[in-house]
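Throughout, read-outs are computed from the coordinates displayed, never taken from laboratory work. Keep in mind that what you see is a predicted model, and the values were worked out from it rather than measured. Heads up, the Cβs are rebuilt from the backbone with ideal geometry, glycines too, and the neighbour counts pull from every protein chain shown.
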Amino acid sequence: MKSIKSIVFIVIVGFAFSHCTRQNDDCDPDQFCDTLPYDSGDVTIKVTYNGNGIPIIVYKGYADQNEVLFYDTLWSEESTYYLPLGNRYAVEAFYYEANSTIIALDGNKLKESSFWNCDEKCYELAEIELDVKKL
Amino acid sequence: MKKLLILFLLSSNIIFSQAGNDIQRANIRGSLSVLTFDFNFDDLFWSFSGGIEDVQNEWGAKLNFEFRPFKKKVQIREGNNIIRQYKEVVYFISMDVDKRFLHFNLWGTDTQFFAGTRTGFLLGNYKGTNANRKPKFITTPMVGLCFNFSDEVNLKVGYIHFSDGLVNVPDSRVTLGLNFILK
């Protein structure tokens, strides 16, 4: 029992120290650091392309809020759009079949992406993927 | 009115005194389960449960909190011609009542049949919309085998018919649960 307590204590202390020292360990002076924050990021929309154009609607926020950003038709498996950071985006893709229409929905928030290097905050291109591939 | 009141008092006295006798005969213990899975080839739910087990009369009742531990693409029929496809997060809050019966030896383990019902509400939400999944009342029969490894531990393997309204997921599922009966 005592040995279990000791192991748990050592593991917790180990985690605590690794967290405290992480910034210093991650210092690489040769690494490129972009200190200017981005205002936009990549939103990649993935669809099931079967030779016909796939109509999509891209919404700012949630789809049910109905704030349409733009309409498009995709002629490939994926397409990437450069959109402002800090917003949530949703996309609907329409698959027209013989007897039914499948409306696929996905959404996510495009957040700023950054990391610390040598006590400096470095910004990188934020990316999200919205997967509206048909099942 | 007076007659009705007297009748009620008399009958309730009989009912409660019988219940008292039953409770004396019963051996009620707590039960816990953190490793219960309901699954088929297309879906998986993980369940945390707690309840009571009458080890004397071999029945049990427990409350379950079930969830799918990942977001899943699902299709829901909206009308005759429209199918909506979402990435779904779901929770199923339910109650199980089951009875174990017969004892036989299977692969060197004391085994029983069990039968019961699971009843609850399926709740959830979807990515990309504020609209939540329409709460769905589900009740499903459960039947299967219960392997009693000891007085405190058993494994239930059974079948449930879980009609969650998804186009792309069959309703038939296997339920597999490791249960701990507390002292």
How many nm separate the modelled label positions at B:VAL174 and A:ASN87, each set 7 Å beyond the Cα in the direction of the Cβ?
4.8 nm
Under the Debye formula (equal points on every Cα, no solvent term), log10 I(q)/I(0) of the stretch A:31-131 at q = 0.24 Å⁻¹
-1.21
Peptide-level mean, for B:121-131, of C-beta atoms on other protein chains within 10 Å
5
State, in angstrom, two size descriptors of the stretch B:30-183 derived from its alpha carbons: Rg to one decimal place and Dmax to the nearest whole number.
16.9, 56
In whole angstrom, the spacing between the Cα centers of the stretch B:29-60 and the stretch A:69-127 equals 40 Å
Point-to-point label distance, B:THR117-B:LEU182, nm (Cα→Cβ direction, 7 Å offset):
2.7 nm
Do any of A:LYS46/B:LYS136; A:LYS109/B:LYS62; A:LYS46/B:LYS134; A:LYS121/B:LYS71; A:LYS134/B:LYS136 go past 29 Å between their Cα atoms, and which?
A:LYS46/B:LYS136; A:LYS109/B:LYS62; A:LYS121/B:LYS71
Virtual spin-label span in nm between A:PHE115 and B:ALA61, 7 Å along Cα→Cβ:
5.5 nm
Selected from B:PHE45, B:THR129, B:GLN85, residue furthest toward positive end of dipole (chain B; charges at beta carbon):
B:THR129
Let me check I've understood the local charge: for A:LYS60, count other residues with C-beta under 14 angstrom from its C-beta, Lys and Arg +1, Asp and Glu -1. What total comes out?
-1
